[in-house]
Amino acid sequence: MNFFSLPHFPAADTVAEHRKRDYQIAGFTFVTTTICLTMDGFAPQFMQYVLAFFGWLFLIAWLRGECKYVRTQVAVAVTFAVIGEYFASVYMKGYIYRFGNVPAYVPAGHGLVYLTAVALGRSGLFQQHARRIAVFVVAVCGTWVAWGLSGLGRLDIIGAVLFMVFLGYLFKGRSPMVYLGAFFITSWLEIVGTSAGTWAWAEIDPASHLPQGNPPSGVAAWYCLVDAVAIAGAGPVLQAFTKTALVLQRQRA
C-alpha cells in the first residue's frame, strides 16, 4: 500500500445525502468568522466579550442538533485548542493578538470551527467528490507554499514544513475529510484575521527559529492537530463520563 492509496477516503463511487444542516453550519461559520475577526481588528477590547457571548450562544444552539459524540469532540477540541492558544501565543509569542491576550471569543470560535470541519467532512459534497477536493486543496496549498519560498513576499519556511505535516494528516490520517474541511475554514479565518490586524504571526518562529509567513501557508496543519486530538479523545472522555454517571446512579440507588 503506497502513500497515495487513500485508505480512509470514501469510495470513489460513494453516493451521499446532502443535508442542509451541514451547509448551513459551514455558511454560518464562514460569515460570522469574517464579521467577528474584521470587527475585532478595530473595535475596543470590551467588544471581545460581546462577541464571546454570541459565540457561545450560537455554538450551543448548533450543538443541540448533534449527537453526544460530536458534542464531546467539540468539548475536547475547545479545551486542547485554548491550552494551545495560551502556550503558542501568550507564552511562546509565535503569533500575537492585537491586545496581547487570548480574546474571550476564541474558545467558542474554536468550537464553531471544529464543528464546521466536521460538517463539511460529512457533507454530501465532500463525500462524493473527496478526491477532487483533495487534489484542489493540495494544489492551492502547494502554490501558496511555493509563493512563500519564492522570496516574492515574506519568507515562509515554517509554512512548507507545516504543509508536509498537513499532507501526512490528509493521506494517512483516519479522518481525512475532517482535515479537508479544516483546511477551508481555517485558511479563511487566518487570512481574514491577519488581514484585519486581529493577530499577526512573528516573522521568526520562536521554537524553530525559522522564518514564517503571516499566516504560514500550511497553517491548517495546526488545526488538524486539534481535530486529531478531538477525534481520538472524544471516545475515552465520553466513556469516562458514562462510567462516572453510572457509578453516581448506583450510589443514589
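The values are calculated or read from the model by the stated rules, or taken from the named source; none is laboratory data. Quick caveat: nothing in here was measured; it's all calculated off a predicted structure. Here Cβ is always computed from backbone atoms with ideal geometry, including for glycine, and neighbour counts include all displayed protein chains. Keep in mind that these areas ignore ligands, DNA and RNA; they rest on the heavy atoms of the full protein, side chains included. Shrake-Rupley method; radii C 1.70, N 1.55, O 1.52, S 1.80 Å.
Straight-line cross-link reach from Lys172 at under 28 Å between alpha-carbon atoms covers these lysines, not counting any fewer than eight positions away in the same chain: Lys68. For the chain, leaving out every one of the chymotrypsin sites (Phe, Trp or Tyr not before Pro) that falls in a DSSP loop and has at most 15 other Cβ atoms within 10 Å, the longest unbroken run is 100-253.
If you average the sequence gap of Cα pairs under 8 Å that are 6 or more apart and divide by the length of the chain, what percent do you get for the contact order?
Values: 344 pairs, mean separation 74.5, N = 253.
Normalised by residue count, the contact order of the chain is 29 percent.
Sparse packing (at most 16 other Cβ atoms within 10 Å of the Cβ) combined with a DSSP loop state is found for the following GluC sites (Glu not before Pro) in segment 1-96: Glu17. Across the chain, the longest run free of exposed loop sites, meaning trypsin sites (Lys or Arg not before Pro) lying outside DSSP classes H, G, I, E and B with no more than 15 other Cβ atoms within 10 Å, spans 175-253. The mean sequence separation of alpha-carbon pairs under 8 Å and at least six residues apart, normalised by the residue count of segment 106-251, gives a relative contact order of 29 percent.
Return the whole-Å distance between the Cα centroid of segment 22-38 and the Cα centroid of segment 164-215. What the calculation gives is 18 Å, centre to centre.
Summing charges over all other residues whose Cβ lies under 15 Å from the Cβ of Gly213, with Lys and Arg as +1 and Asp and Glu as -1, gives -3. Rounded to whole numbers, the Karplus 3J(HN,Hα) couplings from phi for segment 214-224 are 10, x, x, 5, x, 4, 4, 4, 4, 6, 5 Hz, using 6.51 cos²θ - 1.76 cosθ + 1.60 with θ = phi - 60°, and x at Gly and Pro.
For the ranges 204-210, 225-231, what's the packing order if you count other beta-carbon atoms within 10 Å of each residue, average per peptide, and put the highest first? Don't skip to the end; give the middle numbers.
Numbers: 204-210: 13.1, 225-231: 21.6.
Highest to lowest by the protection proxy: 225-231, 204-210.
In the context of the full set of protein chains, residues of segment 184-253 present 51 Å² of accessible surface per residue (probe radius 1.4 Å, heavy atoms only). Calculated from the structure at hand, Rg and Dmax of the Cα atoms in Å is found among (i) 26.7, 94; (ii) 18.8, 70; (iii) 16.9, 52 as (ii).
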